Structures are given as C-alpha cells and as structure tokens.
Amino acid sequence: MSHLSYEESKKVVLRGLIILGIITLIEVFVALLGKGYIIHDFHLQKWLMYLLMISMSLYKAYFIVYYFMHMKYEVPGLVKSVLLPTLLLVWAVIAFFSEGKTWHDWRAKKNDRPIGIFENPPASHSESAGNTPHHSQEHNTQQPEDAKKELSPEEHPAEKH
Amino acid sequence: MSAHHNHQDQDVLIEKLGYDDHFHEHHEGDKYQMNFLTKYIFSMDHKIIARQFLFTGIFWAIIGSAMSIIFRLQLGFPDASIAWLKPLLGKWITINDAGMGSLEPEFYYALVTMHGTIIVFFVLTAGLSGTFSNLLIPLQLGARDMASPFLNMLSYWFFFLSSVVMFYSLFLSTGPFSGGWTGYPPLSALPQASIGSGAGMTLWLVSLALFVVSVLLGGMNYITTVLNLRTKGMSLWRMPLTIWAFLVTAILGLLSFPVLFSGFLLLIFDRSMGTSFYLSDIFVNGMALDRIGGSPILYQHIFWFLGHPEVYIIILPAMGIVSEVLSVHARKPIFGYRAMVYSILAIAFLSFIVWAHHMFMAGVNPFISNFFVIFTLIIAVPSAVKVFNWISTLYGGNLRMNTPMLFCIGFVSMFISGGLTGIFLGNSAIDIQQHDTYFVVAHFHIVMGVAAFFGMFAGVYNWFPKMFGRFMNDTLGKIHFWCTMISAYAVFGPMHFLGMAGVPRRYYRFDNFEAFSGFDVMNQFITIAAIFGFMAQLVFVVNFFWSMYKGRKVTEQNPWGSNSLEWTTPIDAGHGNWPGKIPTVQRWAYDYGKDGIEYTQQHVPLREGEEHSSH
Amino acid sequence: MSAEHTAQISHQHNEGGSWNGASEPFKASYGKLMMWYFLLSDAFTFSAFLIAYGTLRFAMPTWPVPDFVFSALPGGIHHMPLIFVTIMTFVLIASSVTMVRAVQEGHRDNKKGVVFWMVLTIVGGLGFLSCQAWEWTTLIGEEKMSIVRNPFGTHTENGTYLEGDGHDIKAGDSFKAHSSYLIHFHDGQFHPLKYKTEAGEEKTQKMGPKAFGALFFFITGFHGFHVFSGVVFLIIIALNVASGLYAKRNNHYEMVEKIGLYWHFVDLVWVFVFLVFYLL
C-alpha cells in the first residue's frame, strides 16, 4: 500500500512524533501566554488565541489522518468518500452554536438583568410574587423559594435569582 | 426476433462470458447451509436475511397499524363502548358502572407513540431498506453475497433483539413509552413525568440503541458491497436505480444514526445519572427540580439531525424500487437515468441541512429559521425532477397494469399529493398556523407513510417470485391496491381540512372544544376509512402467506422480462447465487424496446452494429 | 470467509477502469473500507457530543477557565496549569506513533516487529488510561466536581476579594473578568469568597454551570471508553499475531492495519477533546 520505502516511512513516523509534540507544546504555550501566565499582565486577544489554537488542532487532525492513517496514500475516491461527509457538520456547527447563543440571549432578556452570576433574589421580589396564582410565566420569579429549600445553599443555581 | 432467452441460452451465455471466481470449489459458500439452524435461523445468506427482515417487518406492520385502528376508534367514536377490546387490552380499558368501556388517556398516548416508533423504525426502515437492500444489492450487482456475511447476520439479530425489547415494553404494567415517537424531554428525561416515562422509556431507549447498531452494521455492509463487489462490467452508471437508492440510503443512515445515538446517550445520562443536558427550569407538581442549564431544544436539534435524513432513509429505497419496477412494467427505459441519480444525491445532501424545519415553533431563532426555510424549499427541485421522470417513463409506454405497476403509479400519486403539502409546511410563516395540526399528520402520512408502503408493496409483489419461487395472486393484489389507494386518500384527505381549521394532533378527544366539535362526522368518516384500509392490508397478508405455499409457480427464470441480473440466477438460487460462473455485465440496466427488441438483459453482449445506449 | 475470496480473486480480473466492477475501486479491501466507514460514523457520534458541548457552552453566561480546573500534578503539586494533560497527550501521541511502526512492520511481514511495537502501543494506551484515572480521581475526590456539581466558575466582572481563602488569595487581591477559579474547596468544605466589583457592589461567589462537569465526564469518559476498548482489541490482536494466525492469511497483517486505523482515530478525537476542554 505504502508508496514509501521502509526507511522513508520510518522517517515520516519520527517526523510525526516531533511535529505533533511541538504543536501540542505551542498550543499549551499560547493558552498560557494568552492568559498572562508566562509574561506578567500580558494577554492575547481572545479571538486570536482561539484562531491559533483551532487552526493548530485542525493541522494536527490533518496530520494524523493523512500520515498516520495513511490517507495521503489512498485513492482520491476513498479520501473524498470519507472526508467530504464531514463537511455536513459545518452547517450543523453554525446552526447549533447560534442556537446556543440565542438561548443565552433570550434567558438574559427574560431575566431582564445583566448577564452574569447573581446574588440571591431580593426578598421583595419573591414576596410580591407570593400572592399571584401559579402561572407558568411567574415561575421564574416565584419558585426559587421552593427551590432553595430543596437545594443546599451552595448548589443554588447561578441562573436563578 | 425474440428477445426471450430460455434457461439454456442464459446459462450458456454466463458460461461463455462470465468469469470464474472458483466460488464453489472452496466449499465455503455452502458450509453456511449445513443444517436447519444455520440455513434458516442464523443464516449468513443475504437472501434468507432479507426474508427475515421482511417477516419481522410484516409482524410489526400488523401491530403498528392495529394500534392506529384502536386510537382512531377513540377519535372517531369517543362515546362508543370498546369493552369488547378488554380481553386484548386488559386494564387499559376502564369499564364504568353502565358497562361502557373507554380507553385510558395514558394508553391513548402510548398507542400513538408506539404506532410512530414501530412504523418509522421497524417497518419502514428495517422492513423496507433491510429487506430490499439485502435481497437486491448482491443479486443485482452480480455478487456472491454481502461483503461481510457475518456482520450482515449480526445486523438482523441486533434488529431482532431491538424488536424483542420493544415488544416486551408493550406488556409492562406501566405501559410502553407514551411521550411521542420523537421522545422529547422532559417527558422522556424524567421518569416521574408520566406513566410511560419510567420503565417504558428505558426499554424504548435500549431498543432503539440496539436498532442503531443494526442500522450501522447493515449500512457499512451495503456501502462496501456496492463499492467493492460489483461484477465485471458493472460500472456505477450501469447500476439499476434501486442500487443507487440503497447506496445513498446506507450513507444517510451511516451519518445520521450515530448522531441519534449520541443524543440517546445524553438522554440516558439525564434519566439515570441526574445530569441536565436537556433540562432546565422544570417544575413537577409545583416543585422546582434541581436541573438547570440544559435545553430540551438541544435534544430536538440532535433528534431531527437524524430525523430528517431518516425521512429519506424511508422514502429513497421506495423511490429506487419504484424507478426500477416502473421501467420494467412500462417496458421502457427509465427517463433521465442520470438526472434520477443526481436528484437522489441532491436530496441526500439537502436532507442534512434542513432538520430545524421540524422545529419552527419550538423556539428556534427566527433568523436561523430563514436558512432552514430556503434549504427546505430547494428540496422541491430534485423531488420534482424525479416525479417528472417517472411520469415521462410512463408516457408512451407499453404498460402492464399488474399489481406492482399499480403500486408504482399509486406511489407517484401519493408522492405528489404529500409533497405539495410539504412546500406549505416548509415555509415557517405558514407553519406557524399549521404546526402540530392534522395538516402535518396528513402530510407526512401521505408522503412518507403511504408512499413508502406503496414502494414496499411494489417491491414485494415484483420480487416475490425471486424470494419464494411463486407469484402472488394478481387479483387479490389488485383488490389490495384499489382498497388501499381509496382508503388512504379517504383517511388523509379530510385531515387536511381538519388541520386547516386548526384541529391539533395528539388530542385524546375533541368534544370539549367548541371550535372542533363540528368535525364529529369527519372524524367518524376517517375512522371508518381507516378500518377499511386496515382490512385491505389483511388481504395482502393472506395473499402473501397463501402464495408462499399455494401461489402459481414460477417456471422461467425471468418471469417479468426484466434486464437486471437477479433474474439470471436459478429460480431457487442457493448460496452464492449463481451455480457456476458469475455473469459479466455488458450494458446498462434499462435496454427496453431498444432496436425493436422488447428487452435485453444486462449480461447480453452488444449485437452486431449496436451501440451503447446513451444515458 | 467466502467474500474475502471473492474480493481477492476478483482483483485479478480487473480490466478497464477500476469503477467498472470486479475490482476494488478504492484499492482497499472490504474490511479496511468498513473500518473507515465505521470511523466516519463514530466521528459523527463524537461530533454530536462536541457540538452539544459547544451549544450548551454558548448558552451559559459563564464557563470555568480550564487552566484553573486542570492545574494539579501527581504528588500534591498544584498551580501547574495544563501540564498534566500535556503529558497525557504526549502519551497518546507516542502510542499512535508506535502503532504506525507496528503497521509498517506488518507490511514487511516482520512478526516480531509487529508484536514488539503493538506491546508498546498497549503500554501507551494503558498509560493514558491511568493518567485519566488519576485526573478523574483528583477532580472528583479533591475538587468535589461531579456530573451534577461544578465548583468551578468564572468572574464576569472585574473586582477585588474582600477576604482570603487561607491558601493563595488574600483580602484585597484583584481579579479580572472571565478569569479566576471561583469556589475554593479546602478543609473539607466549600468556601465561597466575598468580593467587591469595580462598581462597588458586594457579592458572594456562586457555583459554575453544572453542564461543565457533566459534559467533561461524559465526553472524556466516552473517549476513555474508546481507548479502553482499543486496548482490549489491541491485546487480542497482538496475541493473534504472536500465535501466527495473521501470518497464515498472507495479507501483510491487514488486521493490524485496521486496528491501527481505530487507534489513530482515538488519537484524532483526543485532539478535539483537548482543544475544547483544555485549551479554549
């Protein structure tokens, strides 16, 4: 199957070990550098870090598939039949992630508060809701009192307030 | 000049032009058939496995459709006593003091759920694609068997196990799962959510997980067989359309079922380990649950990422069968062969990017919905290409109006009627009105339920002689067809009106709602039509089993005058399919009426001066 | 098996294009193709998990910072962010490399070489599993993280701590938004710290999103299960190689090649698990 001689392919293996190892090190380095571990108070832009790390991971994936799994030496048809279907995931990633973002935004909007981790609900808030009948719309403001009894204090969910 | 070859001619042709793979010299092909157990039960012969899939499919089809009759009785005649069903359904029927027996509402939901699960997965996926992929892929490609007969056997037995688990769940004291065939959380994720959400749901999940394994084992086998085991001369563009459809179906299954499997694993964790992948802000009996941060819509996305390709897993094999059978019995080459192939591929691709059109009303971001609307509406293009090609194939043909042909025409009719309403529902603006009404029920029953069944029937009537060496009774077949056709439209036609009027699906009874109380008579009519249609299927079952033993015997190898290779095997083909050499393929599969000759089989070489048909 | 024979013999009949039948158009046996397509389907399984992870993460207002979560080393060493997981990754890469060597020796029909490199691969796989076992033990036992509880979180606002936790954080330490490990666990209990935002508001820390713990254990567990089953298959196949079973088949140890594909796939998945859980 291999189009390389034995000696050549042994070299590819060694190269693979070095390349994958070094890229992993660079990835970790970028992660730590970007968050200010290595140089004090030096931070990288988030998008830049993400871009670097995602592209390096994709290169690692390419290397594993093409050299270790021998895809480079397979017939183009086989390569396409295995790799092209994964492109279907591109739209899945876009659609799913945008959905996740939407849930986040809508939850924040419904709560009508800045996004983040919040204090316990102000007492007046739940008291005012205490007399209203149990409508599903009201649950979010009204029920944490019940919920709190069920949960240990430190487990009280951040999203509820 | 007669195009008919008798046995002798055919065998001579295979002997002369076929190639010898020394299959029968190894005595390995026949070792599978040593005794009853290895020949009929744990068989590795694709023809036997196909029959196993078919029988199991028929078993489930009877159960699944009988369930629909019971809940149709409830919908059509909510005030009639069904105490007479007590012996069958036991405690699910409560009898009041006046002796009036009525269906438990919980059981109504269980019936609806099981009807969907059984028909979608067990009948139209395993029963349809499992049967005909297994039967036809090796036979039509000129292969001795599947690439891996052993995994093929496992594929059936995983399906069987899955069936056993699901069947067992029907007899639980808390009943089978009752939260809808889609298994949406929280009903599926919280065992305390409803009576069927406990043990019933657990078994449902186990059963479908086993089913996914079966589909994957089968799918890998089908794909590699089509790629690697075609006989000499069988290039991709000479394959019958059935094979193209099965290939693409297998690819769809291979890519979409794993995603469902992932979704199920997450669901299992939510059920039994207390995680919250799909749960957030849940209140049960006024108590807040400690389940925060997930989203039930995540499950819906994952489910429909499988669910939409699943629709095409169901309909594509039917399309392939219809393309082939239609061409054989119209005695004409299929119109636009390449367009058919490309439209199958286009449909397959589109099926992976449209899933959220099932969820327009579930709380999907309207912005992203727009893309899903556009992609969905594009599917109409390849679908229309296929419809036009079928009609053009019929045009000017020398039609044999036998049962398989009738079912093919019925399929085209159903596909058009159901497909048109799909364009309505694919628009999110219209879907806001029609969502979760009987309009949707009518749409998908016609386009993927009845149409896929018609494809399956066409296949069964057409290849019954290959499977059992006998014909099915044509008169009974025609009775079956016309009764089914009429009742299908009688059941699902009026449902469009119900849906337009906003009548919601999944309701137990409607007489409490002033807006829907005017539809009593229509609901009764639908129920009567459904019972009529169910009776018509019994005609098929009787015909099927009667013909297996008493049907007219097949006396010639190629009774339909068909071109594809399965009809070059002996009437009662043993393991390895061909007794001697394997035929080689000299031409495409649709040389009907070429040069004034009625048909020319694929292994017949070009006549003098003849050129390959351009296609 | 009969089909194997058919495939092999049919190979000799190849005339014309490879797509014209009676040949292997992809120049690969049916077994290797099936392994590829199985891996493709498995890739979709993992993709579904990772996409679910991404979706839930996008839906959360906060997410734990990985270099706080994964900062322990064996021997009671703390505050060495991502070092342990880097070692784990190296172990897995190394086992992938030894697997490639085993396949290469298989192509030369060198039985001893195949066994030698496969044994090294198995050792690598077991090493990875041990690392994972230690990581899980630490997270569950010491940090009290579980599939239903996540003691890690991040600050969404800038501010200063009002009190210390007795270890590293002193009263008056400042922190930046989207950094910092929130809940500190010591002396047998959680110790949520009080802090003051830049706007002057006083607050107390809260637990991070539960989905983090659930997704972490679920996805790394599913990957670990793949590694485990890979090790089991590697052991079985190594034994078969040693017994000379595959030498008889005379197909250059194709079975080793197939399990090799699976093993590299496990490594491939780890690339993405490593990316989304530890780096991003």
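The values are calculated or read from the model by the stated rules, or taken from the named source; none is laboratory data. Quantities reported herein were computed from a predicted structural model and do not represent experimental measurements. Neighbour counts are summed over all protein chains in view; Cβ atoms, including those assigned to glycine, are modelled from backbone coordinates with ideal geometry. Protein only, heavy atoms only, side chains kept; ligands, DNA and RNA dropped before computing areas. Shrake-Rupley method; radii C 1.70, N 1.55, O 1.52, S 1.80 Å.
If I take every Cα pair under 8 Å that is 6 or more residues apart in the range B:13-599, average their sequence separation and divide by the length, what percent do I get for the relative contact order?
Relative CO of the range B:13-599 lands at 18 percent.
Do any of A:Lys35/A:Lys60; A:Lys110/C:Lys170; B:Lys16/C:Lys248; A:Lys46/A:Lys101; A:Lys10/C:Lys258 go past 28 Å between their Cα atoms, and which?
A:Lys110/C:Lys170; B:Lys16/C:Lys248
For chain B, build the convex hull from the C-alpha positions and give me its volume per residue in Å³.
It comes to 157 Å³ per residue, whole-number rounded.
Rank these residues by their accessible area, most exposed first, probe 1.4 Å: B:Leu161, B:Leu208.
B:Leu161, B:Leu208
Return the average number of partner chain Cβ atoms within 10 angstrom of each residue Cβ along peptide C:144-154.
3
Can you send over the solvent-accessible area of B:Trp181, 1.4 Å probe, protein chains only, in Å² to the nearest 10?
Roll a 1.4 Å probe over it and B:Trp181 shows about 40 Å².
Over the heavy atoms of B:Phe497, what accessible area does a 1.4 Å probe trace out, to the nearest 10 Å²?
Here the residue's solvent-accessible area equals roughly 130 Å².
Please give the helix C:254-273 orientation as an angle from the longest Cα principal axis of chain C, in degrees from 0 to 90, rounded to the nearest 10.
20 degrees
How far is helix C:2-12 tilted off the main Cα axis of chain C, in degrees rounded to 10, range 0 to 90?
It works out to around 70 degrees.
For B:Tyr222, B:Tyr507, give the ranking by accessible area with the largest first, probe 1.4 Å.
B:Tyr507, B:Tyr222
Would you mind telling me which residue in C:Gly141, C:Gly127, C:Gly213 has the biggest mean-square fluctuation in a Gaussian network model of chain C, where springs connect alpha carbons within a distance under 10 angstrom?
Largest GNM mean-square fluctuation: C:Gly141.
Normalised by the number of residues in chain C, what is the relative contact order in percent for Cα pairs under 8 Å and 6+ residues apart?
This gives 21 percent for chain C.
For the pair B:Arg509/B:Ile374, report the inter-label distance in nm, with labels modelled 7 Å from Cα in the Cβ direction.
4.9 nm
Taking a probe of 1.4 Å, how large is the accessible area per residue of the protein assembly as shown, in Å²?
Here the residues of the protein assembly as shown average 38 Å² of exposed surface.
Each label point is 7 Å from the Cα along the Cα-to-Cβ direction; what then is the distance between the points at B:Val381 and A:Trp47, in nm?
Here the answer is 3.3 nm between the modelled labels.
Which entries of B:Lys47/B:Lys466; A:Lys72/C:Lys27; C:Lys32/C:Lys112; B:Lys553/B:Lys581; B:Lys39/C:Lys32 have Cα-Cα distances beyond 20 Å here?
Over 20 Å apart, Cα to Cα: C:Lys32/C:Lys112; B:Lys553/B:Lys581; B:Lys39/C:Lys32.
Mind listing P(r) for the protein assembly as shown? All alpha-carbon pairs, 10 Å bins, whole percents.
It works out to 2, 10, 18, 21, 19, 15, 9, 4, 1, 0, 0, in whole percents.
Let me cross-check B:Met361: its accessible surface, 1.4 Å probe, with only protein heavy atoms counted, in Å² to the nearest 10?
Counting only protein heavy atoms, the figure is 90 Å².
Rounded to the nearest 100 Å², what's the accessible area chains A and B bury against each other, both chains counted, probe 1.4 Å?
2300 Å²
What's the buried accessible area, both sides, between B and C using a 1.4 Å probe, rounded to 100 Å²?
Buried: approximately 3900 Å² between C and B.
Calculated from DSSP H runs of 4 or more alone, at -39500 (n - 2.57) each and per residue, what is the 222 nm mean residue ellipticity of chain C, nearest 500?
Helix contribution divided over all residues of chain C: -19000 deg cm²/dmol.
Calculate for chain B the 222 nm mean residue ellipticity that helices alone would give, adding -39,500 (n - 2.57) per DSSP H run of length 4 or more and normalising by residue count, nearest 500 deg cm²/dmol.
Result for chain B, helices only: -19000 deg cm²/dmol.
Which percent of the accessible area of chain C is formed by carbon and sulfur heavy atoms (probe 1.4 angstrom)?
Using a 1.4 Å probe with all protein chains present, chain C comes out at 61 percent carbon and sulfur.
Output the 0 to 90 degree angle, nearest 10, between the alpha-carbon long axis of helix B:366-378 and the longest principal axis computed from the alpha carbons of chain B.
30 degrees
Could you give the size of the charge dipole of chain C about its Cα centre, using +1 on the Cβ of each K and R and -1 on the Cβ of each D and E, expressed in debye and rounded to the nearest 20?
With only Lys, Arg, Asp and Glu charged at Cβ, the dipole is about 540 debye.
Which whole-angstrom value gives the distance between the alpha carbon centres of the range C:232-280 and the range B:544-615?
For the range C:232-280 versus the range B:544-615, the Cα centre distance is 44 Å.
Once you put a point 7 Å from the Cα of B:Ile62 and another 7 Å from the Cα of B:Phe545, both along the Cβ direction, what distance in nm separates them?
0.5 nm
Treat every Asp and Glu Cβ in the range A:6-74 as -1 and every Lys and Arg Cβ as +1, leave all other atoms uncharged, and give the resulting dipole magnitude about the Cα centre to the nearest 20 debye.
20 debye
With a 1.4 Å probe and all protein chains left in place, how much of the accessible area of the range A:6-74 comes from carbon and sulfur atoms, in whole percent?
Here carbon and sulfur together make up 71 percent of the probe-accessible area.
Order the following by accessible area, largest value first: B:Arg607, B:Arg72. Probe radius 1.4 Å; ligands, DNA and RNA are ignored.
Accessible-area ranking of B:Arg607, B:Arg72, largest first: B:Arg607, B:Arg72.
Nearest 100 Å², what total accessible surface is buried between chain A and chain C (probe 1.4 Å)?
5600 Å²
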